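Written below as structure tokens is the structure these notes are about.
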Amino acid sequence: MAENGTDCDQRRIRMSKEQHNGNFTDSSMLSERKRREREERLNIVLWKKPLVTLQYFCLETLINLKEWTIKLWQRRGALVCVLLALAVLTAMYYIEGTHQQYVRYMEKKFFWCAYWVGLGILSSVGLGTGLHTFLLYLGPHIASVTLAAYECNSVNFPEPPYPDQIICPDEETTEGSISLWAIISKVRLEACMWGAGTAIGELPPYFMARAARLSGAEPDDEEYQEFEEMLEHAETAQDFASRAKLAVQNLVQKVGFFGILACASIPNPLFDLAGITCGHFLVPFWTFFGATLIGKAVIKMHIQKLFVIITFSKHIVEQMVALIGAIPSIGPSLQKPFQEYLEAQRIKLHHKSDSAVPQGENWLSWIFEKLVIAMVCYFILSIINSMAQSYAKRLQQKMYSEEKTK
């Protein structure tokens, strides 16, 4: 590992010497060209160039499908094993027998876990766009379970995935018998699966930087180039953002496992830099992924769960509604929809499955639903734009390569 790092450093030194000898284009001209090309790519969006964007998106999709097909063919042995395993599982799923109760149980758990892992990956990767699934899905889910637990004084509603509405159990419970730990335990599975998904989503920057360091190539990735520029100008960095990034890089590089664990255990927008740093300095995979998984799926998720549960506990919610009502002039009019929403939720929680469900919709829930739809639509549009810009980047690289060969 150290030899690979030394070889890469020697190649970089030789490249630097060649650059000083004039074998490369002047750095200022090259940076100006990159800036101009980046601006051209950023203009390829649906609301500016819809036809070009859709064309580039389709072409990039076809290229990615071709690359994935080639990779699958190269690993056809593993693919055959996976297909055989799926065939056996399919046969077990459809053949009748006493094992069907366990099959149904495992099916329900698998899809429930896969749903939250997928949302975690989307939140972390997002194909360069990011879908904040904690704010849109996991946070509201924990909040609804918390409100139901305090209203029912129990967490003995159905196991996940829940039905369309959570119904309080018939058992008699005393007021105030619900505990914070009981609510944490109720939402632990989905929260940990979401955290595991965010940890998986941190792997692409790590693998990209690691492959670049081992091969000695210069990847055309803006985050990685920014990281290398930061290393070059580390001693002269003055602004807060550069110093914060440098602090993360130093912590991960010098402390190792526990440094990665510390960065992953708190809400940290600079964690992508930790993945690039670990890949660049050839930190072993299980050191990086193990620390990231423990930090995000265990420590950080319990901190976030505690925050949401405490915020939506019964007395805190009542105090917040009372504070809204204390706002001069507009307070009572703002307080009313919140009170109506909470009352509607209480009625639904005490509804029995064989009785009619009360109709009516609060404008708060209507706004939240429309917000979720808008965020998902924006996420899809961002993916289309991002893939179209990736194809434009391919064309620019091809043009640059042809100019160099002339």
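A few points about this structure:
- The accessible area of residue 41, taken with all protein chains in place and a 1.4 Å probe, comes to roughly 30 Å².
- Rh (Kirkwood; distinct C-alpha pairs) - segment 28-152, Å: 20.1 Å
- Fraction of the pair-distance distribution of segment 53-95 above 13 Å, Cα-Cα pairs, percent: 66 percent
- Here the calculated FRET efficiency for residue 322 and residue 367, from their Cβ-Cβ distance with R0 = 22 Å, stands at 0.50, rounded to the nearest 0.05.
- Accessible surface of residue 393 - all protein chains present, 1.4 Å probe, nearest 10 Å²: 40 Å²
- Averaged over residues, the count of other Cβ atoms within 10 Å places the peptides 202-208, 34-40 in the sequence 202-208, 34-40, highest first.
- Where a label projected 7 Å from the Cα of residue 377 along Cα→Cβ would reach, residues of segment 27-65 with amide N under 12 Å: none
- Sequence ranges 150-156, 98-104, ranked by mean other-Cβ count within 10 angstrom, highest first: 150-156, 98-104
- Remark: the residue 54-residue 135 segment gains 26.2 nm on full extension, using 0.36 nm per residue and subtracting the alpha carbon distance.
- Among 336, 314, the sequence by solvent-accessible area, most first, with a 1.4 Å probe is 336, 314.
- Residue order for 366, 194, 47 - accessible surface, 1.4 angstrom probe, largest first: 47, 366, 194
- In sequence order, calculated HN-Hα J values of segment 373-386 (Karplus, 6.51, -1.76, 1.60; Hz; x Gly/Pro): 4, 5, 5, 5, 4, 5, 4, 5, 4, 5, 5, 4, 4, 4
- Residues whose placed amide H lies under 5 Å from that of residue 132, excluding near-sequence neighbours: none
- Segment residue 32..residue 286, full-extension length gain: 87.5 nm, with 0.36 nm per residue of separation and the alpha-carbon distance subtracted.
The values are calculated or read from the model by the stated rules, or taken from the named source; none is laboratory data. Just so you know, these numbers come straight off a predicted model, no measurement behind them. Positions of Cβ are generated from backbone atoms using ideal geometry, with glycine treated the same way; all protein chains shown enter the neighbour counts. Just the protein is used for accessible areas: all its heavy atoms, side chains included, with ligands, DNA and RNA removed. Shrake-Rupley method; radii C 1.70, N 1.55, O 1.52, S 1.80 Å.
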